[in-house]
Structures are given as structure tokens and as C-alpha cells.
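Input: a single structure, listed below in C-alpha cells.
The values are calculated or read from the model by the stated rules, or taken from the named source; none is laboratory data. Not measured: the values here are computed from a predicted model. Don't worry about glycine lacking a Cβ; one is built from the backbone with ideal geometry, like all the others, and counts go over all protein chains shown. Calculation scope for accessible area: heavy atoms of the full protein, side chains included, ligands and nucleic acids excluded. Shrake-Rupley method; radii C 1.70, N 1.55, O 1.52, S 1.80 Å.
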Amino acid sequence: MHFDPLAILTAFGLIFLAELPDKTMFASLAMGTRMRPLYVWFGTSSAFIVHVAIAVGAGSLIGLLPDWIVKLVSASLFAFGAFMLLRNGGGDGEEEGETKTVTGFWPVYSTAFMAVFISEWGDLTQITTANLAASNGTWSTAIGSAAALMSVSALALLAGRFIAKRVPLKTVQRIGGFCMLGLAIWTLVEIFTG
């Protein structure tokens with residue numbers, strides 16, 4: 001087991017920059033406004049670690065799944081997230097009922113895990129991680145990539161929490177719902193244009 005600090009920093013830098021504008025960051029942000037952010041982070045981080053392990057250990061497995069199926073499932077999950085946010089963010093109903101968040105660890109964890117796990121298949125960061133592992137070493141790449149992905153998720157959740165404290169929850173839910181709907185449409189468009 002060999003650790004190369006330069007390879008760790010290289011992987012961290014490349015993956016962090018590639019993941020910042022990624023749809024997974026926006027999905028984390030949206031989930032963090034509706035669910036307990038720490039639980040969301042545990043779920044997203046677990047999914048990222050699994051993807052890093054797969055990319056590093058067997059990057060070629062990604063090619064076994066048809067890309068359009070992965071994107072269709074991902075779009076469905078984003079659409080479901082949009083539905084969940086928009087159905088509660090709409091009317092002028094009771095203010096207290098509107099401020100409820102999903103708080104149970106396992107429901108939040110599993111939702112966040114599955115959203116990231118499915119949507120990250122064949123993603124640029126997973127492919128980049130596989131390529132870096134081939135040239136820069138397995139363990140160093142795994143550490144740098146996992147740290148970068150977990151950092152971006154934490155950054156998105158902190159931003160989501162900041163926004164949620166300053167903007168009314170109904171507005172945050174509507175915006176989050178429309179973002180998730182946009183991600184669902186974006187992913188569907190990728191099926192037909194990619």
C-alpha cells in the first residue's frame with residue numbers, strides 16, 4: 001500500500017472541480033433543505049465511497065450497464081424528489097405543517113444514498129477516478145477522490161442550510177422542487193442527445 005501525496009492532491013483537485021457544477025451537488029443542496037443535512041451527508045458520502053471503490057477497483061464494470069437505463073432511473077429519482085418537494089411547497093396551508101422535515105436516519109440516508117448511487121454511474125468523476133487510479137495509484141486516487149466528493153456534498157449541504165435559514169421554507173421547497181424537476185429533464189435530455 002503506497003500513498004503518494006501528490007497523487008492524492010491531484011485526484012482531490014480534479015474531482016472537486018469536476019463535481020462542483022455536477023447535478024449531484026444540486027441534488028444534495030435540495031435534499032439538505034428538506035431533510036436532516038448530516039443524514040443526507042452520510043448517505044451521499046457512502047454512495048460516493050462505493051463509487052470510488054468501484055471506479056478504482058473495476059472501472060470497466062460501468063460499461064456493462066446501458067447508459068440510457070442508468071440515466072432513466074436517475075431521471076425518475078429526480079422527478080420523484082421534485083414531486084415530494086413540490087407537493088408540500090405549494091398551497092397556503094398550515095404554516096407548522098409545512099415546516100416538517102424528513103428526520104428519520106434510515107429514510108433520509110437511503111434516499112440520499114440511492115439518489116447519488118444511481119445518478120453517478122458512468123459520471124465524469126467516476127471515469128476520471130478510474131483513469132487516475134490506472135496512472136497514479138489506487139489508494140492515493142481513492143483517498144483524494146473520496147475526500148473531494150464528500151467535500152462537495154458537505155459544501156452543498158451547508159449552502160442549503162444557509163439558504164433555508166434566510167428564505168421561507170415554502171419558497172425553498174418550491175425552488176428545490178423545480179431544481180430537481182430540471183435535473184430530471186436534463187437527465188432525460190442526456191439520454192436522447194448523448
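For first residues located in the range 1-30 and more than 19 Å from Phe42 (Cα to Cα), partners that are surrounded by fewer than 16 Cβ atoms within 10 Å (Cβ to Cβ) and modelled with pLDDT under 80 and lie 6+ apart or on another chain with Cβ distances below 6 Å form the pairs Ala18/Leu124.
Any residue in the range 71-86 that is open to solvent by less than 30 Å² (accessible area, probe 1.4 Å), at pLDDT below 75 and either over 20 Å from the mean Cα position of the chain (by Cα) or closer than 16 Å to Phe48 by Cβ (or both)? Yes; the residues of the range 71-86 include at least one that is open to solvent by less than 30 Å² (accessible area, probe 1.4 Å), at pLDDT below 75 and either over 20 Å from the mean Cα position of the chain (by Cα) or closer than 16 Å to Phe48 by Cβ (or both). Does at least one position in the range 141-162 carry a residue that is closer than 15 Å to Arg34 by Cβ, at pLDDT below 80 and touching a Gly at 6+ places or on another chain (Cβ under 8 Å)? Checked against the condition, which is being closer than 15 Å to Arg34 by Cβ, at pLDDT below 80 and touching a Gly at 6+ places or on another chain (Cβ under 8 Å), the range 141-162 yields at least one hit.
Checking each residue in the range 29-68 for being open to solvent by 50 Å² or more (accessible area, probe 1.4 Å), at pLDDT below 75 and aliphatic (A, V, I, L, M) picks out Leu61, Leu64, Leu65. Filtering the range 19-54 to residues that are among the charged types (D, E, K, R), within 11 Å of the chain's Cα centre (by Cα) and in a helix (DSSP H, G or I) leaves Glu19, Lys23.
Tallying residues that are open to solvent by 40 Å² or more (accessible area, probe 1.4 Å), in a helix (DSSP H, G or I) and of a type in the set (A, V, I, L, M) within the range 165-184 yields 2.
Residue-wise test of (1) open to solvent by 30 Å² or more (accessible area, probe 1.4 Å); (2) in contact with a Leu (Cβ under 6 Å, 6 or more places away or on another chain).
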| position | (1), (2) |
| --- | --- |
| Glu120 | no, no |
| Ser135 | yes, no |
| Thr138 | yes, no |
| Thr141 | no, yes |
| Ala146 | no, no |
| Ala154 | yes, no |
| Leu157 | no, no |
| Gly160 | no, yes |
